[in-house]
Every structure is written in structure tokens, then in C-alpha cells.
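Novice: What follows is a single structure, and I will ask about it in a moment.
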Amino acid sequence: MTHEPTEEQEDRRRQRQAVWARHWASGAVHSCAGSYDDTYGGAIASFWRGVAAAWAPGGRVLDIATGSGALPRLLHGLSHGMLHGLAADLALQLDAVDLAPVQPAWWQALPAADQTRLRFHGGVAAEALPFADGQFDAVVSQYGLEYADLPRAVAELLRVRAPRGQVALVLHHAASRPVTLAAVEMAHIGWLRSAEGLLPTARAMLAPMAQAATPAGRASLAANVNAIARRKRFNAAQEALLGRLSVPDGADVLQEARAAVHQLFAQAQQQGGAAAEAAWSALDAALADAHWRLDELRRCALAPAAAQHLCDLLRPALPHIGLTVLQEGPHNMGWALTARP
Ligand SMILES: C[S@@+](CC[C@H](N)C(=O)[O-])C[C@H]1O[C@@H](n2cnc3c(N)ncnc32)[C@H](O)[C@@H]1O
């Protein structure tokens with residue numbers, strides 16, 4: 001039994017769509033930009049290789065919540081026998097949907113023949129798929145389906161699945177490495193944006209930095225008590241940053257912020273305070289979005305009981321279900337779920 005979304009759920013859906021749209025428009029290759037290899041690699045790629053090995057050539061595949069198409073990109077590579085493990089050309093027909101507008105740069109660079117076999121559909125919710133019943137030989141999703149309202153999204157994916165079609169999913173696990181890293185990164189972003197953090201203290205330095213572009217400006221700064229106080233606060237933030245950087249896990253966000261602040265200072269000197277101020281606001285907004293996405297990741301990650309509940313939703317149509325933890329060395333990278341009739 002599915003239910004209609006509440007007003008609050010609809011608000012969150014709109015915000016989610018806007019935040020992810022900005023993320024993918026920034027050219028990110030996948031949702032954890034900076035923290036993982038381009039296509040997540042390792043255990044996740046092996047899982048998909050195993051799934052695709054059972055597919056018949058020419059099959060139709062639907063990827064739900066595709067983002068910038070990390071999974072279609074991998075499957076497309078497999079389909080061409082480009083990644084080892086599959087020799088034959090699978091000639092897959094792939095449709096990929098996402099709530100956000102999506103048209104990845106890598107897809108735009110494909111030959112026209114490949115583009116017709118691999119279609120992206122932005123602005124599409126997993127809960128309301130624009131496809132006729134019984135179309136797809138496989139429905140897949142990588143770190144995507146769990147963001148949707150599961151009862152409604154599962155009803156939809158079962159509707160569009162062909163009678164013999166299978167489902168394969170990689171899902172966030174509540175005890176996984178991405179979730180642990182998300183907590184660390186959220187704490188870092190919280191600090192970066194706090195009053196004594198790197199961003200506000202760097203912002204206070206933009207006007208003095210612009211002034212320091214000329215010898216006369218530098219001379220007047222030397223005796224400016226206010227500018228000296230700003231410099232002290234910024235130096236204290238840099239000290240605190242070094243302390244945080246001493247623990248490498250989840251520190252990418254700090255490294256990136258540090259590099260961005262250096263760029264802002266150069267911009268203040270070359271283009272003036274107003275231009276640097278505008279760039280500062282964009283950086284702050286990007287970090288606020290990243291915090292929102294990480295929080296969303298933690299909320300949507302499935303604890304064992306929630307993963308079992310998802311299996312229960314699939315089981316009436318797809319009784320053969322496999323649910324395992326994807327292990328990458330010592331790390332839990334998420335759930336791997338396969339379901340077939
Ligand atoms: C963590 S990203 C995963 C993207 C991609 N599958 C990957 O592996 O990199 C989650 C994606 O889910 C999308 N999304 C969230 N809720 C959705 C929904 N209800 N329907 C469709 N897509 C949704 C977001 O827009 C975002 O692109």
C-alpha cells in the first residue's frame with residue numbers, strides 16, 4: 001500500500017532537486033566528488049560486472065537516480081567489453097533518470113550511435129517513472145533508490161520491469177564508510193563556516209588583501225589595528241585547520257577549502273574586494289549544499305532493518321533476493337542487493 005507525499009516531503013523533494021541540480025551542474029562526476037575514484041572502483045565495479053555478466057545482449061536497462069551517470073558509464077564500458085570480465089558487446093539500451101536535470105559531459109562526448117543507446121532523462125522522480133509497464137530487463141540503481149520514497153519507488157520499478165526482469169541495487173548502509181566519512185566531513189564544514197572558522201575569518205581578510213595590492217595600501221595596513229586583529233583571527237583559524245588536517249580521513253573538504261581561500265586572496269589582489277566577496281559567497285553556498293547532501297546521505301542510508309524492509313517490498317514479485325555488504329578492504333561500502341523472479 002503506497003501513500004501520497006505530505007507537504008513537508010514535497011518541500012524536501014524540491015530542495016533535494018535544487019541541491020543536486022547545482023551539484024551535477026558543477027561538473028561533479030559522482031556524489032562523493034573528491035573522496036573516491038571516478039567510478040567508485042573496486043568492489044562496487046566488481047559487483048556490477050557480476051550483475052551484467054548474466055545479462056543477454058540487447059537488453060533494456062533502467063538506472064534510477066543516475067546523477068552524472070557513474071553507473072551507465074560503467075555499464076556502457078562493460079557493454080563494449082572495454083573493462084575486463086566481459087568480452088562480448090552487450091549492446092545494451094540504457095535509460096537513466098534523475099530528479100535533477102542531468103546531461104553529463106562524458107555522454108556529450110560519445111559518438112552519436114552510442115548516444116542513441118544511452119538516454120538521460122532529467123527531472124524524473126523514481127516515484128513516477130515516465131515509462132510504460134513491463135519495459136526493462138533490468139532495473140538498477142547505485143546510491144540512488146534509497147533517496148526516494150521506497151514504497152512508491154519500488155511499486156514503480158516493479159511496474160516498468162519486464163516479467164523476467166531483475167533488479168540490482170547498491171545502497172548506502174548506515175554503518176558504511178561513506179556514512180562515517182559524511183559525519184566527519186559535516187563536522188569539518190560546520191567548523192569551516194563557523195564564526196572562528198576558515199571561511200568567515202578569510203572573508204574578513206578580503207578587503208585588507210585588496211588593499212595590499214599597492215605599496216601605499218600595504219603601508220597603511222601596517223598601522224591598521226583592525227586589519228592586524230583580522231590577520232590574527234585568520235592565523236588562528238589556519239592553526240586550527242592544521243590540527244584538523246592532521247587526521248587525513250575526510251580531510252579533502254579542508255584541503256579544497258584551503259586552496260579556494262588562497263585563490264580568493266589572489267583574486268582580491270588582482271580584481272578587487274567586490275569580485276572576491278562574490279566568489280566567497282559562492283564558495284560558502286557550495287559548502288552549505290555539500291553539508292545538506294551529506295546530511296541527506298546519512299538520513300537515507302539503510303540500517304539492517306530498513307534494508308530487510310526493502311527486500312520485503314520486492315519479495316512478492318521477486319522472491320529470489322540476495323542482500324550482502326559490499327566490502328572494500330576493511331571498509332563497508334554499502335549494501336548490494338539483487339532480486340529476480
Ligand atoms: C548520491 S547521488 C547518486 C548518483 C549516482 N547514482 C552515483 O552513483 O553517483 C543521489 C541521486 O539521487 C537523486 N534523487 C534523489 N531523490 C530522487 C528521487 N526521488 N527520484 C529520482 N532521483 C532522485 C539525486 O538527484 C542524486 O542525483
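Novice: Using only Cα atoms, what is the ratio of the radius of gyration of the chain to 2.2 N^0.38 Å? Intermediate values should be presented prior to the final figure.
Specialist: Values: Rg = 23.4 Å, N = 341, 2.2 N^0.38 = 20.2 Å.
Against the compact-globule rule of thumb, the ratio is 1.16.
Novice: Please get the size of the charge dipole for the chain, origin at its Cα centre, with Cβ charges of +1 on Lys and Arg and -1 on Asp and Glu, quoted in debye to the nearest 20. Don't skip to the answer; put the middle values down first.
Specialist: Details: 29 positive and 31 negative charges, 123 e Å.
It comes to approximately 600 debye.
Novice: Let me check against my output: what whole-number percent is the relative contact order of the chain, with C-alpha pairs under 8 Å and at least 6 apart?
Specialist: On the way: 527 pairs, mean separation 61.3, N = 341.
Here the relative contact order equals 18 percent.
Novice: In a Gaussian network model over the chain where Cα atoms closer than 10 Å are linked, find which of A222, A251, A210 has the largest mean-square fluctuation.
Specialist: Evaluated over the chain, the most mobile residue of the options is A222.
Novice: Can you sort T180, T214, T201 from fewest to most other Cβ atoms within 10 Å of each residue's own Cβ? Don't skip to the end; give the middle numbers.
Specialist: On the way: T180 15, T214 11, T201 22.
Going from least to most buried by this count: T214, T180, T201.
Novice: Looking at the chain as a GNM with Cα springs under 10 Å, which of A162, A259, A306 has the largest mean-square fluctuation?
Specialist: Comparing A162, A259, A306 in the GNM, the peak value goes to A259.
Novice: Additional query: What dipole magnitude, in Debye to the nearest 20, does segment 180-296 give about its Cα centre under +1 on Lys/Arg Cβ and -1 on Asp/Glu Cβ? Show your work: numbers first, answer last.
Specialist: Details: 10 positive and 11 negative charges, 140 e Å.
Roughly 680 debye, rounded to the nearest 20.
Novice: Here's something else I'd like to know. Is the shape of segment 180-296 rounded, prolate or oblate, going by the alpha carbon gyration tensor and its root eigenvalues a ≥ b ≥ c, with a/c under 1.5 for rounded and a/b larger than b/c for prolate?
Specialist: Values: a/c = 2.68, a/b = 1.86, b/c = 1.44.
In terms of gyration-tensor shape, prolate.
Novice: Nearest 5 percent is fine: what portion of the DSSP beta bridges confined to the chain is antiparallel? Intermediate values should be presented prior to the final figure.
Specialist: Values: 14 of 34 bridges.
Taking every DSSP beta bridge within the chain, about 40 percent pair in antiparallel fashion.
Novice: Using +1 at the Cβ of each Lys and Arg and -1 at the Cβ of each Asp and Glu in segment 110-159, identify which of V139, T116, A153 lies farthest towards the dipole's positive end.
Specialist: T116
Novice: Can you tell me which of A202, A91, A223 moves the most in a GNM of the chain? Springs connect C-alpha atoms under 10 Å apart.
Specialist: Per the Cα network of the chain with a 10 Å cutoff, A223 tops the list.
Novice: Now for a separate question. Given the DSSP H assignment, sum -39500 (n - 2.57) over each helix run of at least 4 residues in the chain and divide by its residue total; what's the result at 222 nm in deg cm²/dmol, nearest 500?
Specialist: Values: 14 runs with 179 residues, N = 341.
That comes out to -16500 deg cm²/dmol.
Rule-based calculations on the coordinates, nothing more; no lab input. These figures come from a predicted structure and were not determined experimentally. Glycine also receives a Cβ, built like all others from the backbone with ideal geometry; neighbour counts cover every protein chain displayed.
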